[in-house]
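Visitor: This structure is in structure tokens; I'll ask about it shortly.
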Amino acid sequence: MCGIVAYLGENNAIPLLIDGLKRLEYRGYDSAGIAFIDKDKKLATIKRKGKIKNLEKEIKEDMFSNIGIAHTRWATHGEPNDVNAHPHTDCKGEIAVVHNGIIENFRAIKDFLIKKGHKIKTDTDTEVIAHLIEDNYRGDLLNATRMALNIVEGTYGIAVISSKEPDKIIIARNGSPIAIAQNDGNYYAASDASAIIGKSESLYYLKDKEICVMSREGLNITTLDNIPVTPEFQKIEFDLSQIEKGGFPHFMLKEIYEQPEVIMNTIRGRIDVENGDVRLNGLKDYKEWFGKDVNRIIFTACGTSWHASLIAEYLIEKLAGIPVEVEYASEFRYRNPIIDRNTAVFVITQSGETADTLAALREAKKKGANVFGICNVVGSTIARETDAGIYVHAGPEIGVASTKAFTAQIIGALLIALYLGRMRKLGYEEGKTILENLLKLPEQIQTLLKEHDKIEKIADNFRNSKNFLYLGRGLNFPIALEGALKMKEISYIHAEGYPAAEMKHGPIALIDENMPVVFVATKDSIYDKVINNIEEVKARRGKVIAIATEGDEDIRKVADFVVYVPKTIDVLVPILTVIPLQLMAYYLAVYNGCNVDQPRNLAKSVTVE
Ligand code: M6R
């Protein structure tokens with residue numbers, strides 16, 4: 001949610017900043033802008049509404065500077081236009097700020113600044129930071145920024161430059177991620193590692209209330225209270241090829257096709273097929289507690305990660321016999337969740353930066369819970385703040401619609417369910433069977449992906465549909481929800497997911513010949529009941545697309561279209577059934593001319609509450 005890049009060094013900052021912004025564009029694409037110190041040591045600012053390509057058109061070939069800051073915006077305060085685009089400047093145009101986060105007390109600060117004679121030009125919360133720095137400037141940019149940040153309330157990752165001190169960038173963080181890197185006299189800062197890859201091998205994520213001065217003398221990091229910080233740089237775990245499209249037209253499609261490999265990466269070094277068991281080093285300090293004391297688990301997450309949590313609930317209850325509850329992270333702290341010392345709280349998150357999930361995590365910790373993470377981004381805020389957990393190793397996910405991270409989250413949840421199960425009621429044979437079948441999944445997904453032509457043709461029949469209904473039962477219910485979410489977010493077609501049997505309690509009223517209904521109807525213990533639900537839809541002339549188990553010829557008699565998934569055991573079914581739904585949403589988005597990787601109004605990591 002908003003991307004920041006900053007550079008100071010030997011090279012021309014301008015192309016470097018634009019390149020960094022392009023890699024961060026998935027975080028927001030309402031507007032983009034840069035600020036740099038020009039040849040006359042003046043502050044220059046260029047900003048444009050819309051995508052980075054609009055900004056790029058304004059860049060002249062002869063523009064040169066070796067210091068600058070840049071921003072790609074996901075609008076929170078003020079509509080997306082040129083004026084509200086970052087960077088924001090002070091009254092004299094000498095100080096520029098880019099910001100990710102929300103300044104909650106900006107209205108009070110704005111009134112205060114206006115009374116003091118400051119000229120506020122935009123509707124944003126961010127602009128007040130530039131004026132506060134101006135107001136507090138007494139010949140020391142670091143100190144003025146510190147004083148400004150002591151006044152603001154809310155979240156921020158910021159970068160500041162000024163023509164008054166043209167060889168310095170001030171970077172600070174509270175709640176919004178900022179990574180810092182250095183290499184041979186070149187210094188970089190960015191909202192995430194993808195903008196830094198290829199420039200340096202390691203990075204340091206600033207911690208909350210830390211502030212960093214980048215200058216030609218190097219990096220100087222302190223806390224806002226001026227206590228020196230010695231940064232521990234960590235190796236960047238992925239390379240450039242992982243954040244490029246690799247021949248695919250969209251990141252989303254590439255990421256869908258990466259799922260077989262992702263599964264192997266999530267389980268690597270963690271499974272012991274012979275003993276039907278798993279090793280989770282990330283949880284080892286709590287092994288005894290999980291084995292003996294835990295009597296209730298709460299999962300909390302948002303969006304797709306919340307759907308993965310619903311699957312985790314099913315898996316843990318089935319394999320380990322521990323009661324599980326699933327909460328929307330955005331609701332968690334607004335009620336009074338009951339947590340005792342035998343309750344384990346798990347958060348699931350791809351980005352590790354989702355503000356609602358982070359707030360839920362902190363609330364759970366405040367109540368004394370041990371909190372564990374199932375997280376993708378290494379070193380992210382949530383990964384750091386949880387007591388322990390596992391990384392899912394899906395690699396960088398650039399498409400705003402989550403696909404491969406979801407699969408990895410389900411695998412992560414399954415590993416945890418097996419881990420807990422084997423300490424409790426799950427027998428060795430059952431564990432072994434699950435693991436043996438798990439190892440077959442990558443190849444089964446490859447087979448399924450070969451059906452892409454067929455799925456594309458099915459999608460073609462529904463180009464003009466305005467609504468979709470997704471129905472499933474048991475483990476396929478969260479998949480129905482996920483299928484509907486994918487359809488909504490990338491193709492802008494209204495879609496709802498329901499447990500199949502709930503249809504008769506309301507949604508059935510929507511069904512007529514114009515309503516496509518996707519049934520996730522694999523062969524399991526409730527298959528016959530789902531077939532009854534399909535009949536109910538057919539009786540009302542709805543169009544049925546069934547995701548079924550290979551070899552199920554009967555379903556052809558009731559469904560208009562069938563996509564088969566390979567046979568597997570029940571607990572692994574959702575990993576296969578979600579794939580045709582991801583592809584169907586993808587193809588419809590392409591048919592409808594939607595921006596698949598950067599759907600309107602969305603951002604990859606939602607770092608505001
Ligand atoms: O990074 P997180 O997993 O915490 O993100 C949670 C949701 O914002 C995310 O899953 C969102 O719903 C995606 N756009 C779904 O495709």
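The values are calculated or read from the model by the stated rules, or taken from the named source; none is laboratory data. In this text, all values refer to a predicted model and were calculated from it rather than measured experimentally. Cβ coordinates were reconstructed from backbone atoms using ideal geometry, including for glycine residues, and neighbour counts include every protein chain displayed.
Visitor: Within segment 280-316, how many residues are away from the ligand (no atom under 16 Å from the Cβ) and either part of a helix (DSSP H, G or I) or free of Cβ contacts under 8 Å to residues at least 12 places away in the same chain (or both)?
Guide: 16
Visitor: Do we have Thr349 as in contact with a Phe, Trp or Tyr (Cβ under 6 Å, 6 or more places away or on another chain), within 16 Å of the ligand (Cβ to nearest atom) and among the hydroxyl-bearing types (Ser, Thr, Tyr) here?
Guide: Here the answer is no, as Thr349 does not meet what is asked.
Visitor: From the list Lys57, Lys22, which one is over 24 Å from Leu142 (Cβ atoms), more than 28 Å from the chain's Cα centre (by Cα) and of a type in the set (Lys, Arg)?
Guide: Lys57
Visitor: So in segment 360-390, with the set limited to residues that are at pLDDT below 95 and either assigned by TED's automatic domain parsing to the domain that holds Glu609 or hydroxyl-bearing (Ser, Thr, Tyr) (or both), which one is nearest to the ligand (Cβ to nearest atom)?
Guide: So, considering only residues that are at pLDDT below 95 and either assigned by TED's automatic domain parsing to the domain that holds Glu609 or hydroxyl-bearing (Ser, Thr, Tyr) (or both), the one nearest to the ligand (Cβ to nearest atom) is Ser380.
Visitor: So, one more: Run down Glu496, Glu436, Glu489, Glu429 and say which single residue is assigned to a helix (DSSP H, G or I), in the same structural domain as Met584 (by TED's automatic domain parsing) and either within 16 Å of the ligand (Cβ to nearest atom) or surrounded by fewer than 24 Cβ atoms within 10 Å (Cβ to Cβ) (or both).
Guide: Result: Glu489 is the single residue among Glu496, Glu436, Glu489, Glu429 that is assigned to a helix (DSSP H, G or I), in the same structural domain as Met584 (by TED's automatic domain parsing) and either within 16 Å of the ligand (Cβ to nearest atom) or surrounded by fewer than 24 Cβ atoms within 10 Å (Cβ to Cβ) (or both).
Visitor: Looking for something over 25 Å from Leu253 (Cβ atoms) and either within 16 Å of the ligand (Cβ to nearest atom) or not hydroxyl-bearing (Ser, Thr, Tyr) (or both) - is there at least one such residue anywhere in segment 571-591?
Guide: Scanning segment 571-591 turns up at least one residue that is over 25 Å from Leu253 (Cβ atoms) and either within 16 Å of the ligand (Cβ to nearest atom) or not hydroxyl-bearing (Ser, Thr, Tyr) (or both).
Okay, residues lined up against (1) within 27 Å of the chain's Cα centre (by Cα); (2) modelled with pLDDT of 95 or more:
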position	(1), (2)
Asp524	no, no
Lys529	no, no
Glu536	no, no
Arg540	no, no
Phe561	no, yes
Lys567	no, yes
Pro574	yes, yes
Ile579	yes, yes
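Visitor: Does segment 408-426 hold any residues that are more than 16 Å from the ligand (Cβ to nearest atom) and either outside any loop (DSSP other than H, G, I, E, B) or without any contact (Cβ under 8 Å) to a residue 60 or more places away in the chain (or both), and which are they?
Guide: Selection gives Leu414, Leu415, Ile416, Ala417, Leu418, Tyr419, Leu420, Gly421, Arg422, Met423.
Visitor: Criterion first (surrounded by fewer than 21 Cβ atoms within 10 Å (Cβ to Cβ), charged (D, E, K, R) and without any contact (Cβ under 8 Å) to a residue 60 or more places away in the chain) does Glu201 satisfy it?
Guide: Yes.
Visitor: Now for a different question. Please enumerate the residues belonging to segment 82-114 that are assigned to a helix (DSSP H, G or I) and touching a residue at least 12 places away in the same chain (Cβ under 8 Å).
Guide: Phe106, Ile109, Lys110, Leu113
Visitor: Quick one: Ala401 ticks every box in (1) more than 16 Å from the ligand (Cβ to nearest atom); (2) assigned to a loop (DSSP other than H, G, I, E, B); (3) at pLDDT 95 or above bar one, so which box is it?
Guide: Result: Ala401 fails condition (1) only.
Visitor: Considering only segment 48-81, how many residues are within 19 Å of Met1 (Cα to Cα) and assigned to a loop (DSSP other than H, G, I, E, B)?
Guide: Selection size over segment 48-81: 10.
Visitor: I need a count of the residues in segment 476-486 that are in contact (Cβ under 8 Å) with a residue 60 or more places away in the chain and crowded, with 24+ Cβ neighbours inside 10 Å.
Guide: Qualifying residue count, segment 476-486: 7.
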